């Protein structure tokens, strides 16, 4: 069977202004090198999610790789993207595992995947216009921001367990961001974790006992989602915390696709429905087997912007490498040795950055905060999310992310509707 890529030039050289398109590839040694670079770019963020949620890292890596390959197949090898662990799942997973166990969290991930896949089918049939109307920039920015800021107490708790190690990690992240350029600058989170880890080893905070016991090769641990009919109150009770994540995944996917389209070809926007469907199916697979939900990764889009190489062949390499890493229990054991202090330092920056991404959405779209509708939409949603308001309705519990998301959508559309009535009165 012929491979779906044509060789770019001689496959060995790329001019300074040349672009390697999604349907092209370089020589296989160079393609493997570019694909490995994508693995490095996604690794820092992807392994942090299972580490912060106590999910098996090797399982998450495996489903990340499988999800990426599935994504490439469904989008016909025309949309270069990597599916890594989504940080939007951290808060609901943490809440669900604490109250009802890992099985309930996996059921929540599975439900999000099903809903996202359905949205993908609808978008494929109807287009993305209704998404833009439901979540204009003021709303989508508020939702993304409140998810990041809602996690601040988690970062604080880890930071206080080993303040010196956490501070070293945080400073290392900042210094790497400022001092390095290109791919090293984009890996500042990963490099900061490495620096903090070395400090933690020096301070005697790392336990290597599980690493020695782990096998080099083997299947990762798989966990099935909870049966909702055995304990419906506990299992269905986690859904209010998970379902708002769908809105974040939609916003992330649509934003990333627009970014890729701007760098490659505007026709890529036509694949939005397929991309949402693929991400939904990948998230469903992860929920079935014990991995975290996925999303398209901005880190890898950054790599493409820096290299001007958009070949989907490199992403096949990245996905296969991630699967191989997931089949090494020792890799998972090494990741789990990262101590609380390192996590506290890196998440202090990381969760804040998630919040700032929401602010960036406002800035990029020139949201006018002199308008009351934008002021109240953002202000109310952020306070609800940051303070983590909770509403209990029978067996259901709605956390700050769920309530803040509903508030952002409801306030914006209610005030917009009332404004129209006042103008026509």
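The values are calculated or read from the model by the stated rules, or taken from the named source; none is laboratory data. Every value quoted in this text rests on a predicted model; they were computed, and no experiment measured them. Backbone-built Cβ (ideal geometry, glycine too); neighbour counts: all protein chains shown.
Meeting the requirement of 2 or more residues that are modelled with pLDDT under 90, under 18 Å from the mean Cα position of the chain (by Cα) and surrounded by fewer than 22 Cβ atoms within 10 Å (Cβ to Cβ), the helices (runs of 4 or more DSSP H) wholly within the range 322-387 are 340-364. The numbered conditions (1) farther than 17 Å from residue 189 by Cβ; (2) in a helix (DSSP H, G or I); (3) out of contact with any strand residue (DSSP E or B) (no Cβ under 9 Å at 6 or more places or on another chain) are all true for residue 402 except (3).
Against the condition in a helix (DSSP H, G or I) and under 22 Å from the mean Cα position of the chain (by Cα), how does residue 225 come out, does it pass?
When the stated conditions are applied, residue 225 does not pass them.
Out of all the residues in the range 203-220, which are at pLDDT below 80, over 18 Å from residue 47 (Cα atoms) and touching a helix residue (DSSP H, G or I) at 6+ places or on another chain (Cβ under 8 Å)? Passing the criteria: 213, 215. Restricting the range 292-321 to residues that are at pLDDT below 85 and out of contact with any strand residue (DSSP E or B) (no Cβ under 9 Å at 6 or more places or on another chain), the residue that is nearest to residue 43 (Cα to Cα) is 298. What residue, among those in the range 393-420 that are at pLDDT 85 or above and more than 17 Å from residue 134 (Cβ to Cβ), is surrounded by the fewest Cβ atoms within 10 Å (Cβ to Cβ)? That would be 418. With respect to residue 407, determine if the residue is free of Cβ contacts under 8 Å to residues at least 40 places away in the same chain, out of contact with any helix residue (DSSP H, G or I) (no Cβ under 8 Å at 6 or more places or on another chain), within 21 Å of residue 247 (Cα to Cα) and part of a helix (DSSP H, G or I). No; evaluated as a whole, the condition is false for this residue. Per the conditions (1) modelled with pLDDT under 80; (2) assigned to a helix (DSSP H, G or I), the sole criterion not satisfied by residue 200 is (1).
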